[in-house]
Amino acid sequence: MTEVCQVCESPRASPFVEQPPYRWARCDDCGFAWLSPMPGMDEAAGVRDAAAGRGYIDGYMGKLDSKMRRSRRRVRTLKRLMPGPRLLDVGSNIGCLVAAGAEQGLDATGVEINPVLVREARNRYPAGLFMAGAFEEADLPAGTFHGVYCSEVIEHVVDANLFLEAIVRAMASRAALYLTTPALREYTKGGDPARWRDFGAPDHKLYFSPGNIRRMLAKHGFQAIRLRFNFGRGIKLLARRARPRR
Ligand SMILES: [Zn+2]
């Protein structure tokens, strides 16, 4: 295998899971897992598809109240760590978190790759600012946001380093990050690979563990990385952008 690990840059990886026609590899050194071969950015743009957006919305409507409650709770948690009012939601879906941020007096912006979801968010929450497009390509002012929320998004990206660089670029000094992503161990519970959960390719492209997500964030200049208890469901963490070096 010629790909190097996105987390630790080790060239040593082993075939991991077959999910025909897809294959997953895992780093021998840090345990990070990814789709191998990894699709290109253009190939991966299938999530912009309108039907996918519609499916998300239908799935969301039934649990809108609980989504809204969770968004309010998470905004309260993140807000305590934010050194200012500007909040960015990366992967803003139908806009619940941006709406919760606005309710709590924050100046909230959402970026969402799926245009159907952006339209829905704008209709629902006309006061929110929603931008359409890939976050890595979004024209966001650098060094601006005091808090970034990114829930169940990073596992969909082709290049987690580019993605985190874009997050860091958007952040103000000492800004806070609230990030959630599935943990690899949720998929591999029990010893028998034949009974492991569907790995979710090609929608999901990479999986972290609590250990290697820490390492990844530290590499991108985050500190005070605190993993929160998540009822065994996945990784949920808060971190803070380090002060820029002089
Ligand atoms: Zn690695």
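Brief remarks on what is shown
- Relative contact order (%) - criterion: Cα under 8 Å, at least six apart; region: segment 13-241: 19 percent
- The Cβ shell under 14 Å around Phe163 holds other residues with a net charge of -3, Lys and Arg each +1, Asp and Glu each -1.
- Sorting the segments 205-217, 91-103, 159-171 by their mean number of nearby beta carbons within 10 angstrom, highest to lowest, gives 91-103, 205-217, 159-171.
- Taking the chain, the Cys residues with no second Cys beta-carbon under 4.7 angstrom are Cys96, Cys150.
- Extension reserve of the Arg215-Ala142 stretch, reckoned as 0.36 nm per residue once the Cα distance is removed: 23.9 nm
- Debye log10 I(q)/I(0) at q = 0.16, 0.21 Å⁻¹ for segment 153-246, Cα point scatterers: -0.69, -1.08
- Dimensions of segment 13-241 from C-alpha coordinates, computed as largest minus smallest value along each principal axis and given longest first, are 48, 39, 33 Å.
- Using every pair of distinct Cα positions in segment 46-152, the Kirkwood expression returns a hydrodynamic radius of 13.8 angstrom.
- Label separation (Glu9 vs Ala194): 4.2 nm, computed from points 7 Å beyond Cα along the C-beta direction.
Every number here is computed from the coordinates shown, using simple stated rules; none is lab data. Only a predicted model underlies this, so the values are computations on that prediction, with no experimental measurement involved. So basically every Cβ, Gly included, is an ideal-geometry build from the backbone, and we count neighbours across all protein chains shown.
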